[in-house]
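**Student:** Input: one structure, supplied below.
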Amino acid sequence: MLLDAATWDHMALEIARGLVPYRDVFLHKTPASALLGAAAASGGAATGIDPLWAAHLLFLLLGAVAPVLLFALCRTRLPLGAAVAAAIALLAYDEWIIAALEGCRPKVPAVVFGLASMLAAERGAAFSASILGGISVLDWQPGLAFLFGAWAAIWRRGERRFGRLFTIAAASLLPAALLLAWLAAHGALGDFFEQSVLFNLHYIHDKARTPLGTLRALTRTIGEWNDLEVLIAPAALAGLWLRPRSGAAGTRAKLPVSLAVSGTLYAAMTFVSYQSWPDAILLGPIVASVLGSGLYFLLASRLAPVAATLAATAVLALAAVPDSRPKFHPPVDFQAQHRSFAQLADGLSAADAVVGVSVPEFFIHTGRRNGWKWPYLWFGVDEFASAGHEDGFDGILADLDRQQPALILVARLWAGPQRARFERWAAERYDVTSMRIFPHLKRPLRVYRLRR
């Protein structure tokens, strides 16, 4: 349990306990993933299953459903063997497997509902496709790529009537309308707009990479794939070029238009804001389809269809076997991590407040609640928080003075002038130490204990 994925686990557990996103905690993404995790956590608590494991179980199930949906989607336009290989290739895509294992990552349900949306569109269920695509967007905003892919399939099937197209597009807003009504009922509508819309506009403007910087980041991500995946890629591209003609009209077998459009559109979106490997999760369906179907077509040019399917499946299954890299084998297990974070809470009473910045693991392991609204303060969140307080960052520090947290934990990426001001404030009131607890190893955890 670590970092961003742990943040979403914590969000899910807290929503299950009554927290309202945006109103009670800052959240710059759409909340469907946290709501799904909260529903699973609540169901687990009601049936005697640990809420955290129940949430993780749901996301493991979503991780297993995605290859099935990708198979069905590819099968609308590709031979059986190519569709099987594409599904296996998604299981070999490192980013997908890690995301599904880590917990309540928003990009997992974004992909699953996106694939379901495109499958419905390819099969002619236009309204269902639009609604499912709308849910994908509520999991993570770039789910728009899947929604547009579904609409492209609807257009390709011959739907041209303006009134019906308008109604189909409007159907995608139904999930958002339900969410907005729920947020309005809980007094969180304004906070939702400020955090998930206005903050992101500023974030993209301020943190967007140059095209060359994005290419470098994507190259680093590809370089982290296992060697077999990288070796397969040129052969798969060659196989797509050599794919046989099929059908009475002599047209080439090709990827479903929804998949091609969504993959192209999301690849373009990465040049707006690509930070690290989790942003590549939504590339999984198009990458898996190209690798799997391309490899199948290459083998099918020399082998019978059944043999080509078995050979492609064997190669891709081998690529799916986890290797020795640390992201597949954390240095500690859950119980060891639990003991380390529980030790930080030694000596605290139930009434003592704790504030954490980018340390969701502490709150998950101890069952405590974060003492303020800001679970992370990197990439301009601290400036956003200051702008929203009538007294700016001085007001935030004054609030901490009034609250007097017994323990403050700060980790990861918070830097800049506001961090320097916080450090000056803390130096007058807290004893400060650094600790290395997984996953806070490269950047040690800063521990601030109130001077009694």
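**Student:** Could you check, for region 273-282, whether at least one of its residues is modelled with pLDDT of 90 or more and not in a helix (DSSP H, G or I)?
**Tutor:** Within region 273-282, not a single residue is modelled with pLDDT of 90 or more and not in a helix (DSSP H, G or I).
**Student:** Within region 297-354, count every residue that is within 19 Å of residue 94 (Cβ to Cβ), surrounded by fewer than 14 Cβ atoms within 10 Å (Cβ to Cβ) and among the hydroxyl-bearing types (Ser, Thr, Tyr).
**Tutor:** The qualifying residues number 1.
**Student:** Quick one: is residue 369 closer than 22 Å to residue 445 by Cα, in contact (Cβ under 8 Å) with a residue 24 or more places away in the chain, surrounded by fewer than 18 Cβ atoms within 10 Å (Cβ to Cβ) and not polar (S, T, N, Q)?
**Tutor:** yes
A quick yes/no check of all residues on (1) in contact with a Ser or Thr (Cβ under 7 Å, 6 or more places away or on another chain); (2) among the hydrophobic types (A, V, I, L, M, F, W, C); (3) part of a loop (DSSP other than H, G, I, E, B):
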position: 365; (1), (2), (3): no, no, no
position: 393; (1), (2), (3): yes, yes, no
position: 397; (1), (2), (3): no, yes, no
position: 402; (1), (2), (3): no, no, no
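**Student:** How many residues are surrounded by 14 or more Cβ atoms within 10 Å (Cβ to Cβ), β-branched (Val, Ile, Thr) and either over 20 Å from residue 3 (Cβ atoms) or under 25 Å from the mean Cα position of the chain (by Cα) (or both) if we restrict to region 433-452?
**Tutor:** Number satisfying all stated conditions: 1.
**Student:** Next question. Please verify whether residue 409 is aliphatic (A, V, I, L, M), over 27 Å from residue 337 (Cα atoms) and modelled with pLDDT of 90 or more, treating the condition exactly as stated.
**Tutor:** So residue 409 fails the test.
**Student:** Right, here's the next one. Going by the conditions given, is residue 406 within 24 Å of residue 17 (Cα to Cα) and without any contact (Cβ under 8 Å) to a residue 12 or more places away in the chain?
**Tutor:** Spelling it out, it is not the case that residue 406 is within 24 Å of residue 17 (Cα to Cα) and without any contact (Cβ under 8 Å) to a residue 12 or more places away in the chain.
**Student:** Related question: Among 348, 318, which is the only one that is in contact with a strand residue (DSSP E or B) (Cβ under 9 Å, 6 or more places away or on another chain) and either outside any loop (DSSP other than H, G, I, E, B) or outside the structural domain of residue 121 (by TED's automatic domain parsing) (or both)?
**Tutor:** None of the others qualify; the one that does is 348.
**Student:** Say whether the condition of being touching a residue at least 40 places away in the same chain (Cβ under 8 Å) and over 30 Å from residue 260 (Cβ atoms) is met by at least one residue in region 97-116.
**Tutor:** Yes: region 97-116 contains one or more residues that are touching a residue at least 40 places away in the same chain (Cβ under 8 Å) and over 30 Å from residue 260 (Cβ atoms).
**Student:** Return the only residue of 41, 72, 34 being surrounded by fewer than 24 Cβ atoms within 10 Å (Cβ to Cβ) and of a type in the set (A, V, I, L, M, F, W, C).
**Tutor:** Selected residue: 72, the only one of 41, 72, 34 that is surrounded by fewer than 24 Cβ atoms within 10 Å (Cβ to Cβ) and of a type in the set (A, V, I, L, M, F, W, C).
**Student:** Filtering region 404-422 down to residues that are surrounded by 14 or more Cβ atoms within 10 Å (Cβ to Cβ) and part of a helix (DSSP H, G or I), which residue is farthest from the chain's Cα centre (by Cα)?
**Tutor:** Filtering region 404-422 for residues that are surrounded by 14 or more Cβ atoms within 10 Å (Cβ to Cβ) and part of a helix (DSSP H, G or I), the one farthest from the chain's Cα centre (by Cα) comes out as 421.
**Student:** Could you please give the count of residues in region 326-345 that are closer than 14 Å to residue 406 by Cα and either acidic (Asp, Glu) or part of a loop (DSSP other than H, G, I, E, B) (or both)?
**Tutor:** Count: 1.
The values are calculated or read from the model by the stated rules, or taken from the named source; none is laboratory data. Predicted model, so just to flag it, every value in this text is computed and none were measured. Because the Cβ atoms are built from the backbone with ideal geometry, glycine has one as well, and the counts that use them run over all protein chains shown.
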